[in-house]
1. Checking GLY105 against (1) in contact with a Leu (Cβ under 8 Å, 6 or more places away or on another chain); (2) more than 28 Å from HIS191 (Cβ to Cβ), only one condition comes out false. Which one?
2. Mind telling me which of the residues VAL127, VAL186 ends up being buried (at least 19 other Cβ atoms within 10 Å of the Cβ) and touching a strand residue (DSSP E or B) at 6+ places or on another chain (Cβ under 8 Å)?
3. Here is a list: LEU208, LEU199. Which entry is farther than 24 Å from LEU32 by Cβ, touching a residue at least 24 places away in the same chain (Cβ under 8 Å) and within 25 Å of the chain's Cα centre (by Cα)?
4. Is there a residue being assigned to a helix (DSSP H, G or I) and either assigned by TED's automatic domain parsing to the domain that holds GLN83 or at positive phi (or both) anywhere in segment 184-193?
5. Just a yes or no: is a residue in segment 78-97 assigned by TED's automatic domain parsing to the domain that holds THR185, exposed (fewer than 15 other Cβ atoms within 10 Å of the Cβ), more than 18 Å from MET140 (Cα to Cα) and among the acidic types (Asp, Glu)?
Amino acid sequence: MDAAVSVRNLTKRFTGVTALSEVSFDVPQGTLFGLLGPNGAGKTTLFSVAAGFLRPTGGTIEVLGIDVAEISRLRGRFSMLPQDAAFQGGIPIIQQLDMFGRLNGFSASEARAQAINALELVGLGEVARKNARALSHGMMKRVALCQAFLGNPEVIFLDEPTSGLDPENARSVRDLIRGLGKDRTVVLSSHNLQEIQDLCDHAAILNLGRLEICASMAELTSSNFLVRIVLGQPLTREAEQSLLALPVVASLEKTADTDLNLHLELSSPDEKDAALKAINKTLVIDHDLVPRSMHEGASLEARFLEITGGSFDGASGT
């Protein structure tokens, strides 16, 4: 696929800190692309360089073949939603969206039409003349998406668009991103790994300012799996050795006397059920250890933790 976004040897240094170090990857056109990494990995710095808020120490980001150093040439074709996007509390939403449309180069009438259409798309046509302070947090997240999609841009960056939302509103925003991104390229940053796995078809993982991997979601999740097990009694040394002897078990991590994480290597996702049965037999039949619970971790989560050296606590996001 042709690249909608090309990052080449991107480096950004602050006093005493290297936030990004020679990062290079491509975002294929027409994809939903996830940008992942623990806190301090460099995601926000990369977004800030792409937006023109920061100048890189070295390297480039090109969007649609144009260096973001000349970001004015991308007006109307490239948009970004920062995580902390805010609206003026005392000004009607429609007027603020009008302003963003005018900044994108639309005439007054075109900007108004774009604003009304964007509000309708997110199901908020009735709030057009309300002040921002009258809207809930979930509504404001959806209004912020309007800003990002004004003018039908070809490439959109969204930084933590569901951060701070309750599950129902987060699901609504994900549905909007999925629907509105069908004919665009969307780069999505999130700490919720399950969200990225559900939405995106490609992803890159940053860690400590360096690119660890960039691949399709199928490649990232094809062979990695993680299972968290809580036993009714402590794991014995003999049982631990038996688990490690199973061909599907790549590694074992004890997080407590009765708690363990198993990292599995599967040649295909179809092997998962057989692997879980083998693990259960080893524990219950061979060593008389009955699991109180077995939590199957998302395979993207397993790969992420393998790359970043994190520990899994059973949560759906990291």
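The values are calculated or read from the model by the stated rules, or taken from the named source; none is laboratory data. Given the structure is predicted, the values throughout are model-derived calculations rather than measurements. Neighbour counts run over all protein chains shown; Cβ positions are idealised from the backbone, glycine included.
1. (1)
2. Numbers: VAL127 fails: touching a strand residue (DSSP E or B) at 6+ places or on another chain (Cβ under 8 Å).
None of the others qualify; the one that does is VAL186.
3. Working: LEU199 fails: farther than 24 Å from LEU32 by Cβ.
After ruling out the rest, the residue left standing is LEU208.
4. Taking segment 184-193 as the starting set, the residues that turn out to be assigned to a helix (DSSP H, G or I) are 193.
After this cut, where a residue has to be either assigned by TED's automatic domain parsing to the domain that holds GLN83 or at positive phi (or both) as well, the list is 193.
The answer is yes; a qualifying residue exists.
5. no
Table: residues versus (1) within 29 Å of LEU199 (Cβ to Cβ); (2) part of a strand (DSSP E or B); (3) without any contact (Cβ under 8 Å) to a residue 40 or more places away in the chain.
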residue: GLU219; (1), (2), (3): yes, no, yes
residue: LEU243; (1), (2), (3): no, no, no
residue: LYS272; (1), (2), (3): yes, no, no
residue: ASN280; (1), (2), (3): no, no, yes
residue: ARG292; (1), (2), (3): no, yes, no
residue: GLU306; (1), (2), (3): yes, no, no
